[in-house]
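Everything below concerns the one structure shown next.
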């Protein structure tokens, strides 16, 4: 994706692709955090991705997806629990990261309410507990159900588990007829250490941090296990009520305390933004001594009538915001730099550290991002850390971004020894020995091994059999994982799929039909499905190879240009030096460009990768792809841009129709654009077309043009 480029620099197709990518990444991150209690992303990294998604959506509102992360709260509930629908949605909070963000929040509140700068308005401030949100419903004073937040609308029924928490009363005297109390389940540092010690002594799984321990403990199927875990609960909000608790936020918290709930003693009421921020600083200095994890301070408009007037956005209240803390810091020794190869082939450097406690967690590894970060510069070559590079045995400053993922922030060069030498980033993949490539403008280096790199192999194979690629019936992602680890009949590269039947026949002992989940009929069906896909159109084969930047549309475009596998493969060989007629011809194909051309040539450059591709093609009957018949087409060879809302057809239909008539569809307007089709809501692209003197027509005019 275009992670290093500003959203304003993206064209429409790039924005669409990145929104799709972000929807997948953030959706998975929500599930990992809220459902699996096993987050991979730090709060800071998650917030950064979500902010980027929102920025792109604001620039390209017509591209906002139905599954937009901007409209999501939490994640779907686990199938292990029954469901409870919240009478009042449980929303998340917007975030502030600087004092300026807090000042802007207060200014937005005043503007929305029509208040002048000097009109009084009070806020409450309370620590933001890092735990698991829980809703408790009382009727006639009796606890009748407890639910997690889930996706904000539907949560998990954890009533039996919640009853085991000592901070949660089973009965409340003089309570409203209906009272839904909301708060956070958490675990103290001391209890967390004791729990992990007990788990370790039994050889059981230990927890990464108190938040994961609390969430995992509350969401046990067996409430007896929850009962044995030292869980605590802070109340700080409410949902469904039969009568108001008070006139103010602060008064309502006091009433919850009177009901017997634990409320945070650091909650305060303030009448100025300046004292809010002062209170934030006070809590920040006490953070290490509180005995439980917090990751910021929450500010809320105190007057509940004003809260009601302010209301909600789709996923957050307008009357509250979370002021996040900066990550915590510590110094330690950088003992080694190791390279990890990810499933996409990205080479990620990792710092191996002398273990140090940072924010209550023992840290021994930290991400180093990329080669530029180690060298003391950003992806544009500008210095970071004043240009100080990182070296083995350096004394480095560690911080935990979002209190989860440790990172190296700075280095103390005054402690650097005389034998220290700059780190050299590898030029070949440590997993497979293939060339390491890095594209212009990309901060990440990649292994070019692709199909033959063990670190990438499973994901590449899953892509190979995906619906838009070979789409082999009975051989999906689950089966690929099984065969990849199989000792008797392994599938390690695509050619292995097409030799599976012959290898099974030659195997006198471990026949596939005798294995669990298989039988003679199912095995024969699988072999038939594989053999059916030996005849494959060139465009699907090119896409199936999983070359970076080459999608379905690009695969079709390349197939139409080269026509045959021999023509395509030969051209990639001749273009290997990235110069000469074959290289120039590749770059001249509309829609290719230097980035895709480099990725294509690099994929065929490494002998091991090229050999794997040739072994695959030897098993196939690759079908030529003829260029579309564009005789009589008035748009053949023209570059067309669609902008605004199309009313007679979808954007995908318009693109497909234009391409079938020999036109190239672009996502951005440039001097190379021949025609802009503008529907209602057309904005900057239409203006740019006018400024460049490019023909601008309506959707009706477009339909008349291509049907006349």
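All of the numbers you see were taken from the coordinates with simple rules; none came from a lab. Since this is a predicted model, take the numbers as computed values, not measurements. Here Cβ is always computed from backbone atoms with ideal geometry, including for glycine, and neighbour counts include all displayed protein chains.
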Give, as ranges by residue number, the residues of region 247-289 whose backbone N falls under 19 Å from the point 7 Å along Cα→Cβ of residue 119. 248-249, 270-274
I'm checking a number: the convex hull volume of the Cα atoms of region 328-415, normalised per residue, in Å³. What is it? 96 Å³
I need the shape label for region 124-240. Rule: rounded when a/c is under 1.5, else prolate if a/b > b/c, else oblate, with a, b, c from the alpha carbon gyration tensor. prolate
How far apart, in nanometres, would the label points at residue 585 and residue 427 be if each is projected 7 angstrom from Cα along the Cα-to-Cβ direction? 3.1 nm
Residue exposure sequence - 88, 641 - by fewest surrounding Cβ within 10 Å: 88, 641
Between region 373-394 and region 282-306, the Cα center-to-center distance that results, in Å: 35 Å
Listing 328, 85, 139 from the residue with the fewest other Cβ atoms within 10 Å to the one with the most, what is the order? 85, 139, 328
When every alpha-carbon pair in region 450-626 is counted, what percent end up more than 30 Å apart? 21 percent
Give the span of the chain's Cα atoms along each principal axis, as three whole-Å numbers ordered largest to smallest. 81, 68, 66
Could you list 166, 668 so that the one with the fewest beta carbons within 10 Å of its beta carbon is first and the one with the most is last? 166, 668
Angle check, please: helix 593-605 long axis (alpha carbons) against the longest principal axis of the chain (alpha carbons), in degrees 0 to 90, nearest 10. 70 degrees
Relative contact order of the chain (C-alpha contacts under 8 Å, at least 6 apart) in percent is 9 percent
Measure off 7 Å from each Cα along the Cα-to-Cβ vector at residue 415 and residue 65, then give the distance between these two points in nanometres to one decimal. 4.4 nm
Nearest 0.05, what FRET efficiency do residue 257 and residue 365 give at R0 = 51 Å with Cβ-Cβ as r? 0.75
How large is the helix-only mean residue ellipticity at 222 nm for the chain, computed as the sum of -39500 (n - 2.57) over DSSP H runs with n ≥ 4, divided by its residue count, in deg cm²/dmol to the nearest 500? -10500 deg cm²/dmol
So, R0 is 25 Å and r is the distance between the beta-carbons of residue 170 and residue 269; what FRET efficiency does that work out to, to 0.05? 0.25
The simple spin-label model distance between residue 198 and residue 435, using points 7 Å out along Cα→Cβ, in nm, is 5.8 nm
Report relative contact order for region 450-626 in percent, whole number only (criteria: Cα-Cα under 8 Å, sequence separation at least 6). 26 percent
What is the Cα centroid distance between region 214-249 and region 404-451, reported in whole angstrom? 45 Å
Is region 448-499 best put as rounded, prolate or oblate by its Cα gyration tensor, with a ≥ b ≥ c the root eigenvalues, rounded for a/c under 1.5, and otherwise prolate when a/b is larger than b/c, oblate when not? oblate
Helix 552-562 vs. the chain, principal-axis angle (Cα, 0 to 90°, nearest 10): 10 degrees
Angle between the chain longest axis and helix 454-464 axis [Cα atoms, degrees, rounded to 10]: 70 degrees
Which FRET efficiency value, to the nearest 0.05, do you get for residue 703 and residue 670 by plugging their Cβ-Cβ distance into 1/(1 + (r/R0)^6) with R0 = 25 Å? 0.55
Contact order normalised by residue count of region 639-707, Cα under 8 Å, 6+ apart, percent: 38 percent
Under the rule rounded for a/c under 1.5, else prolate if a/b exceeds b/c, else oblate, using alpha carbon gyration tensor axes a ≥ b ≥ c, region 401-503 is classed as prolate
